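Peer 1: Mind looking over this structure? Questions follow.
The values are calculated or read from the model by the stated rules, or taken from the named source; none is laboratory data. The shown structure was predicted, so the numbers you read here are calculated from the model rather than taken from an experiment. Every residue, glycine as well, gets a Cβ built from its backbone with ideal geometry; the counts of neighbours run over all protein chains shown. When the accessible area is computed, the model is the full protein with side chains, heavy atoms only, and any ligands, DNA or RNA have been set aside. Shrake-Rupley method; radii C 1.70, N 1.55, O 1.52, S 1.80 Å.
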Amino acid sequence: MLTSSHINYSPRDGFCAGSGLKFQLNCPDKFECRWSGSCDYGDFRINKIEIRSGFDIWMYDGLMRKDIRFSVDDHPPIFSFSFCLSGKSTAYYNVREQPLRMSAGKQGVFYSPVIRGTSCMSANVPIRQVGIAISPERLSSYLASDPESIHPDLRSILEKKQNDLFCRIHTITPAMRLALEQLINCPFSGITRRLFLESRALELISYQLDQVSDAQTLNLAGAQFPHPDDRKRIERVREILVGDLEKPPGLGQLAREAGMSHPKLNRCFRRVYGMTVFEYLRAERLNRAKEILRQGMNVTEAAYAVGYESVSHFSQAFKKQFKISPSAFIGRI
């Protein structure tokens with residue numbers, strides 16, 4: 001019997017919940033289902049979009065005042081491409097002794113031959129997660145033209161040479177974050193929506209597969225990811241950048257803060273975050289500007305708030321990143 005703080009999902013029966021949780025189901029399209037729930041200890045929304053057979057997008061968001069257990073039963077083996085924009089979760093699978101932990105800013109590629117386990121969503125932290133679930137057969141159909149380009153362990157699973165757990169967790173890059181925002185805020189409906197979401201989901205999968213393959217290539221070449229001490233310094237540099245987007249320190253000062261040369265700083269930063277220091281800075285400035293516009297500021301105020309001295313340069317950069325001008329974006333809010 002399910003407790004009041006337990007949600008169970010199976011492909012055959014859908015969602016079942018304890019007596020304290022109530023679900024409401026809405027299906028705006030035949031390929032999309034949205035569940036929402038509210039109870040004494042929180043509110044949540046779950047959205048499932050079937051892109052193709054064996055290819056689904058899941059979106060979760062909510063705020064709970066009590067930890068929620070979420071379990072899955074009798075699901076066929078899948079690859080899960082997961083992104084945690086906010087919140088914390090810990091997953092336990094019966095094929096793995098150690099739990100899998102996801103927190104804000106993390107993304108991971110997972111495969112389990114047995115999809116039977118439980119995850120715990122932490123209370124009092126806004127939860128916003130996106131998951132792309134795709135069967136090995138469907139993923140193989142997209143990668144058939146160049147299977148050698150992916151990680152050998154993934155290739156072995158797809159070629160049915162092994163059926164072991166696969167798990168890689170990295171940081172969400174600005175390019176991933178942009179694609180996620182476009183996916184979550186898709187402005188289309190009907191078949192156009194389905195096609196748009198498929199393109200964004202495949203873009204996200206490609207970023208993750210490329211990141212996993214890059215790690216393998218670096219290791220084969222004898223190169224190393226940043227030493228744990230260097231990684232801490234790189235993370236500190238990122239904190240300094242995002243802490244003062246309006247007037248960030250120059251590359252020289254950041255290199256001194258990290259105790260590295262300019263080239264080493266950019267090299268290590270790229271390995272951790274997928275881009276150079278100032279590519280990351282530009283992306284974060286524009287992401288922050290987007291939030292500022294949502295809060296009601298005008299284009300000029302947003303430009304100056306994130307450090308742009310020219311409104312026209314800001315508008316050009318914003319449109320290049322988000323495919324919409326800042327003034328048009330305001331019109332959609």
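Peer 1: Would you call GLU181 open to solvent by less than 50 Å² (accessible area, probe 1.4 Å), in contact with a strand residue (DSSP E or B) (Cβ under 6 Å, 6 or more places away or on another chain), charged (D, E, K, R) and at pLDDT 80 or above?
Peer 2: no
Peer 1: Go through segment 261-286 and give me each residue that's open to solvent by less than 20 Å² (accessible area, probe 1.4 Å) and without any contact (Cβ under 8 Å) to a residue 60 or more places away in the chain.
Peer 2: LEU265, CYS268, PHE269, VAL277, LEU281, LEU286
Peer 1: I'd like the residue in segment 98-111 that is polar (S, T, N, Q) and at pLDDT 80 or above and, out of all such residues, is nearest to the chain's Cα centre (by Cα).
Peer 2: Looking at the filtered set, the residue picked out is GLN107.
Peer 1: Scan ALA302, ALA255, ALA289, ALA317 and give me the residue that is touching a His at 6+ places or on another chain (Cβ under 8 Å), surrounded by 14 or more Cβ atoms within 10 Å (Cβ to Cβ) and without any contact (Cβ under 8 Å) to a residue 40 or more places away in the chain.
Peer 2: Of the residues listed, the single one that is touching a His at 6+ places or on another chain (Cβ under 8 Å), surrounded by 14 or more Cβ atoms within 10 Å (Cβ to Cβ) and without any contact (Cβ under 8 Å) to a residue 40 or more places away in the chain is ALA255.
Peer 1: Please go through segment 158-169 and pick out each residue that is at pLDDT 85 or above and either of a type in the set (D, E, K, R) or within 22 Å of VAL277 (Cβ to Cβ) (or both).
Peer 2: GLU159, ARG168
Peer 1: Does segment 119-156 hold any residues that are hydroxyl-bearing (Ser, Thr, Tyr), surrounded by fewer than 16 Cβ atoms within 10 Å (Cβ to Cβ) and under 27 Å from ALA104 (Cβ atoms), and which are they?
Peer 2: If we filter segment 119-156 for residues that are hydroxyl-bearing (Ser, Thr, Tyr), which is where we start, we get 119, 122, 135, 140-142, 145, 149, 156.
Narrowing further to those that are surrounded by fewer than 16 Cβ atoms within 10 Å (Cβ to Cβ): 122, 141-142, 145, 149, 156.
Of everything in segment 119-156, just one residue is hydroxyl-bearing (Ser, Thr, Tyr), surrounded by fewer than 16 Cβ atoms within 10 Å (Cβ to Cβ) and under 27 Å from ALA104 (Cβ atoms), namely SER122.
Peer 1: Give me the residue from segment 26-77 that is β-branched (Val, Ile, Thr) and modelled with pLDDT of 80 or more and, out of that set, farthest from the chain's Cα centre (by Cα). Before the answer, list the steps.
Peer 2: Taking segment 26-77 first, the residues β-branched (Val, Ile, Thr) are 46, 49, 51, 57, 68, 72.
This time we only want the ones that are modelled with pLDDT of 80 or more, so: 46, 49, 51, 57.
Details: ILE46: 16, ILE49: 16, ILE51: 18, ILE57: 12 Å.
Result: ILE51.
Peer 1: Output yes when any residue across segment 159-176 is under 15 Å from the mean Cα position of the chain (by Cα), of a type in the set (D, E, K, R) and under 23 Å from PRO136 (Cβ atoms), and no when none is.
Peer 2: Checked segment 159-176: at least one residue is under 15 Å from the mean Cα position of the chain (by Cα), of a type in the set (D, E, K, R) and under 23 Å from PRO136 (Cβ atoms).
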